[in-house]
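To start, the structure itself, in structure tokens.
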Amino acid sequence: MEIASLHASQSLGIASLDASQSLGIASLDASQSLGIVMLDFPIGVSYPFRSRHAFRAVIALLLSMLLASCNKSQSNGPPTGDDDPLWNVPMEGVYFGGPAIGPDGTIYIGTSEAGVRDTLTTHGLYAVDRNGRTKWKYTTSKSIKSSPVIGPDGTIYIMVGIGTDTDANGLASSLHAIDPQGQKKWECPNLGSFGVGPVPDSPAIAKDGTIYVSGAHDLFALQNGGDIKWSYHFPDLDNVLGDGTRYHLSSLRSSPSVGDDGTVYVNTLEGPDANVVGGIYAFSPSGQLRWHHPGSGCVPPAIGADGTVYAGYGSYIPSGTPPKLVAINPNGTTKWELLTEHWIMAAPVIGTDGGIYVGTSQHPVNRPGVFFAVRADGTLKWRYDTAPDVADDPPAQTNPPDIYTGASIDSNRVVYFADEVGAMWAIHEDGDLVWKRLHTIGGPPWGNVMHGGFAIDDAGILYYGSYNPEVGLVAMRTDSTGLAASRWPKQAGNNQNTGRALR
């Protein structure tokens, strides 16, 4: 077929321009810029253009336009993440705890009702396979505010019920042990939980199988199917202030963390007056108080390979403990402190470089949370201020969002965290933003992440629970091969949420 006397550039409405010049590329053939060799077609073949040169010009033009398009897409800054998850499983209730991953890859997560009271809603522990199919549900009549914890034999442990003023002095919570088929093995009643607050009340499991639970008033050590091995009674608190209001955070304590030597650490919030001092309590495996580091916190500490305890402190009381990240030596003395200006209500985690990564809340400065990366020597590595990212989000304008979620770090050294409005961030350990997903509440991309944080399996699938029941449990792909090979790469230490390092 012959097309009479038209140069390829003219046929595209570009008068007397070489394809490379039309794209502002001086003296460069687009095919060369892409590293593509253009074939020299035989003379005897009939072309849709008058000459081989015209045909090559068109191809070069198209390839150049493609190249320009690619360059443009790469120049718009970090991507905002994939809006579509691999799958999501809607469930009854919301999540305050995060997921756990069993030995066979099953994902476990429990549901709660707004986190502070029980209702007629039927809650439960869900077991979901890697393809998003629900295997079974263990039904409970009370909320599950804990993240599930998985023992070495596959038993799943959850705290059922929330301790509040309406139930027997906060003692109506109990620990349930459930087998991998969804059947209850045993129950230890009347332990209670701190009940109010954003941090999941989860048990921890030591190497010797002892289960530790922060109850309403005591730390319990359980063995042999729920028998109490020992308990420690924390100082009693007067929850009623002088004006008759209830100081509902005064009994807040963290889930336990367990060191390599069996030492158990609990972070406690200070009381409304100077008579009740909070901070880190360290206990021997037999229940003796080894030391107490004064402070005020409610999130579980992370424990370094050398035994250093990393804890987040802060207080609602104006004259109380200032917000800071603190490193404590194994003997209970202060190693270093870093003032943050924001209360730390997210569990610190440890990166592959030995650095500590932690998010903060708005209190007491009334602005969105800041995420900190701190070197092992206590110096600031970098900080990420979330305020500009959420400035246009209406919920963030009325209530500056806290970062309650403990971060998780993957094998590519990418740190994932989220705020209570639903924004999510992925930032490399070196401080480079990988992606962010904003304005998620009530719609794409798939609801806000709750306080128990993320789990990441060996296939690089990241799991989290949403505050939106219509979203439920979410699975999204990463480019990793699982959690980072660090000492404490996520809240509760590992995908089984045992509260101790498994590596």
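The values are calculated or read from the model by the stated rules, or taken from the named source; none is laboratory data. It should be emphasised that the depicted structure is a prediction, and the values quoted were computed from it without experimental measurement. Cβ placement follows ideal geometry from the backbone for every residue including glycine, while neighbour counts extend to all protein chains displayed.
Quick notes on this one:
- Scanning region 303-345 for residues that are part of a strand (DSSP E or B), in contact with a Ser or Thr (Cβ under 7 Å, 6 or more places away or on another chain) and crowded, with 19+ Cβ neighbours inside 10 Å yields a count of 7.
Yes or no, residue by residue, for (1) touching a Phe, Trp or Tyr at 6+ places or on another chain (Cβ under 8 Å); (2) under 17 Å from PRO348 (Cα atoms); (3) of a type in the set (Ser, Thr, Tyr); (4) at pLDDT 95 or above:
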site	(1), (2), (3), (4)
SER257	yes, yes, yes, yes
ALA274	no, no, no, no
GLY278	no, no, no, no
PRO318	no, no, no, no
LEU325	yes, yes, no, yes
ASN331	yes, no, no, yes
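This table checks each residue for (1) in a loop (DSSP other than H, G, I, E, B); (2) modelled with pLDDT of 95 or more.
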site	(1), (2)
GLY431	yes, yes
LYS436	no, no
THR440	yes, no
GLY443	yes, no
GLY447	yes, no
GLY453	yes, no
ASN468	yes, no
THR481	yes, yes
TRP488	yes, yes
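- Qualifying residues in region 358-389 (those that are of a type in the set (Gly, Ala, Ser) and in a strand (DSSP E or B)) - the one farthest from SER486 (Cα to Cα): GLY359
- Output for region 200-217, where each listed residue is buried (at least 17 other Cβ atoms within 10 Å of the Cβ) and either assigned to a strand (DSSP E or B) or out of contact with any helix residue (DSSP H, G or I) (no Cβ under 9 Å at 6 or more places or on another chain) (or both): PRO200, ASP201, SER202, PRO203, ALA204, ILE205, ALA206, THR210, ILE211, TYR212, VAL213, SER214
Residues checked against (1) over 22 Å from ILE461 (Cβ atoms); (2) modelled with pLDDT of 95 or more; (3) in contact with an Asp or Glu (Cβ under 7 Å, 6 or more places away or on another chain):
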position: MET345; (1), (2), (3): yes, no, yes
position: GLY354; (1), (2), (3): yes, yes, no
position: PRO364; (1), (2), (3): yes, no, no
position: PRO400; (1), (2), (3): yes, no, no
position: TYR404; (1), (2), (3): yes, no, yes
position: VAL415; (1), (2), (3): no, yes, yes
position: ALA418; (1), (2), (3): no, no, no
